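See below for the structure under consideration.
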Amino acid sequence: MRASMFLVLLMASPADALDGAGFEASVTGQTLQWQSHGTPYGAEQYLPDRRVIWQSEGGACHYGTWTEPEPGRICFLYEHRDAPQCWHFQVAASGLSAQFLGLGQTRSLTEASRSAAPLNCPELGPGV
């Protein structure tokens, strides 16, 4: 009874910061569609071993990896970029939200949907 009450309280909390382990448990094996202020932004497929495939809305797919260089700071490095992009993720009632941690830039994303289906990335070859 106490465990289920704790789970209900945890789920009812407006926002909970995620560390790397929590983020990994939440997204591995999933493809999340992201939006910015209600506008589609892109999708990311979260693979085992902290690997990802990113696809900007209407764009090409790119392989990447993610790390947690410090607690609560999730950084992605993609094959088409020279520097990592770092985010702070939180759990909200509607799914995950993400706040970009770039110098002088503000960007926030919210989870629009998720599924176990892979991204459609013909340019990466079969099996993706």
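The values are calculated or read from the model by the stated rules, or taken from the named source; none is laboratory data. Everything numeric here is computed off the predicted structure, so don't read it as measured data. Because the Cβ atoms are built from the backbone with ideal geometry, glycine has one as well, and the counts that use them run over all protein chains shown. Calculation scope for accessible area: heavy atoms of the full protein, side chains included, ligands and nucleic acids excluded. Shrake-Rupley method; radii C 1.70, N 1.55, O 1.52, S 1.80 Å.
General observations
- Looking only at segment 92-111, and only at residues there that are hydrophobic (A, V, I, L, M, F, W, C) and under 11 Å from the mean Cα position of the chain (by Cα), the one that is farthest from residue 21 (Cα to Cα): 109
- Residues located in segment 1-18, provided they are more than 16 Å from the chain's Cα centre (by Cα) and either within 13 Å of residue 92 (Cβ to Cβ) or modelled with pLDDT of 95 or more (or both): 10, 11, 12, 13, 14
- Only one of the numbered conditions (1) over 13 Å from the mean Cα position of the chain (by Cα); (2) without any contact (Cβ under 8 Å) to a residue 40 or more places away in the chain is violated by residue 116, and that is (2).
- Per-region count, segment 105-119, residues closer than 19 Å to residue 64 by Cβ, part of a loop (DSSP other than H, G, I, E, B) and open to solvent by 60 Å² or more (accessible area, probe 1.4 Å): 3
- Residue match in segment 88-104 (condition: in a loop (DSSP other than H, G, I, E, B), polar (S, T, N, Q), closer than 21 Å to residue 37 by Cα and open to solvent by 60 Å² or more (accessible area, probe 1.4 Å)): yes
- Residue match in segment 79-87 (condition: among the polar types (S, T, N, Q) and farther than 22 Å from residue 117 by Cα): yes
Listed here are the residues, each with its yes/no results for (1) in contact with a Ser or Thr (Cβ under 6 Å, 6 or more places away or on another chain); (2) at pLDDT 95 or above; (3) more than 28 Å from residue 125 (Cα to Cα); (4) among the aliphatic types (A, V, I, L, M).
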| position | (1), (2), (3), (4) |
| --- | --- |
| 20 | no, yes, yes, no |
| 76 | no, yes, no, no |
| 104 | no, no, yes, no |
| 107 | no, no, yes, no |
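- Every residue from segment 22-44 that is β-branched (Val, Ile, Thr), open to solvent by 30 Å² or more (accessible area, probe 1.4 Å) and part of a strand (DSSP E or B): 39
- Hits in segment 51-69 - residues which are under 19 Å from residue 90 (Cβ atoms) and surrounded by 15 or more Cβ atoms within 10 Å (Cβ to Cβ): 52, 66, 68
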